[in-house]
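Novice: First, the structure itself, so that you have it in front of you.
The values are calculated or read from the model by the stated rules, or taken from the named source; none is laboratory data. Just so you know, these numbers come straight off a predicted model, no measurement behind them. Note that we place each Cβ from the backbone using ideal geometry, even for glycine, and neighbour counts take in every protein chain shown.
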Amino acid sequence: MAFFINNYQVDRKILIVVSSIDDLRKEVAKAKLTGKKRALVPTMGALHKGHLALIAQAMDEADFVAVSIFVNPTQFLPHEDLSKYPRTLQTDLDACKDLGVDLVFTPTAEEMYSQNQYIQFNISHLANQMCGKSRPGHFEGVVQVVNKLFNLFQPDVAIFGQKDFQQFRIIKAMVDEFNHPLKLIMAPIVREYDGLARSSRNRYLSESERKVAPLLYQCIKEIKDQIYQARVYNLSGVTAKLNASDLKIDYLGVYSVKELTLVEKPELGNSYVIAGAVYAGSTRLIDNELIKL
Ligand code: AMP
């Protein structure tokens, strides 16, 4: 059955929601039989417009769109916000249904990690800089869960956000080196009206923290302007601004997009990511901008 909204035809679909690996495998097998191109959008839930843009892009890319909603414990460090990470499952499912998602996978941690863990990933220098420096073991947990999700869903396409650029780069390395037969797509960062990158963690911000939070992106843009104007950058001005605000810098710099190494003098013809993380109170905010010289 179909109906029309502003001239767009929307097919009424049943959203399949599964929580067990067995059920997921059955649904994936059925979807494969249809011969439809299948996309996966992995998330930790508490869906916002950034996630929804990824799902919309998945719809453009494929005919069967699956979303995973799983707050993966292995990517949280012991002192991090695993237990208080926002969980809004019913609202998330409603949003997926409205968008026309075909399948949502919502496993428990026990379902995902029911076996002994004899194998661990060990990531190179790609995980030592930027976020990996202050979150040792985080990307190993990300790679572990994404590897499992790729094996379970066997998607043709998987979509991740540029917001987590280091995550995307590391997952790309995993896909290349472990021969996952899929196309990886990086979707642009979706922002609030004032430039703040949308994040499930933004809801932790107090009113005053929320006011100052866009300063991270303003500083990233200032570094970008410096580089475009003079091909050199000096962090002292932006560092002073951040230090004078209520944001505490975790890291801020310019990194090569391939090796994620810190670059002092960007060169013509190369691509870089200007990336940073700050703490607003106890909330960690990240952001970045890609540039090509
Ligand atoms: P998360 O639920 O935070 O693990 O994010 C799931 C996916 O959504 C990841 O690929 C993120 O990079 C992506 N994502 C999160 N926030 C945004 C945003 N503001 N814009 C675009 N993609 C995002």
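Novice: Out of 270, 243, I need the residue that is at pLDDT 95 or above and either under 21 Å from residue 172 (Cα atoms) or of a type in the set (Gly, Ala, Ser) (or both). Which one?
Specialist: The conditions single out 270.
Novice: Can you name every residue in segment 85-98 that is more than 10 Å from residue 47 (Cβ to Cβ), among the charged types (D, E, K, R) and without any contact (Cβ under 8 Å) to a residue 40 or more places away in the chain?
Specialist: Within segment 85-98, 98 is the sole residue that qualifies.
Novice: Another question, then. Which of (1) within 16 Å of the ligand (Cβ to nearest atom); (2) out of contact with any Gly (no Cβ under 6 Å at 6 or more places or on another chain) is the odd one out, the single condition residue 235 does not satisfy?
Specialist: Answer for residue 235: the failing condition is (1).
Novice: Then there's this: Which residue out of 262, 252 is without any contact (Cβ under 8 Å) to a residue 60 or more places away in the chain and not acidic (Asp, Glu)?
Specialist: Exactly one residue qualifies, and that residue is 252.
Novice: How about segment 78-110: which of its residues are of a type outside the set (A, V, I, L, M) and touching a helix residue (DSSP H, G or I) at 6+ places or on another chain (Cβ under 6 Å)?
Specialist: Residues satisfying the conditions are 86, 105.
Novice: Given the condition buried (at least 20 other Cβ atoms within 10 Å of the Cβ) and in contact with a Gly (Cβ under 6 Å, 6 or more places away or on another chain), answer yes or no: does some residue in segment 105-120 qualify?
Specialist: No: zero hits.
Novice: Let me ask something additional. For segment 87-117, name all the residues that are within 27 Å of residue 140 (Cβ to Cβ), in contact with a strand residue (DSSP E or B) (Cβ under 8 Å, 6 or more places away or on another chain) and among the charged types (D, E, K, R).
Specialist: Within segment 87-117, 92 is the sole residue that qualifies.
Novice: Turning to a different aspect of this structure: List the helices (runs of 4 or more DSSP H) inside segment 4-99, counting only whole elements, that have at least 3 residues being surrounded by fewer than 20 Cβ atoms within 10 Å (Cβ to Cβ), more than 15 Å from the ligand (Cβ to nearest atom) and at pLDDT 95 or above.
Specialist: Qualifying helices (runs of 4 or more DSSP H): 21-33, 89-99.
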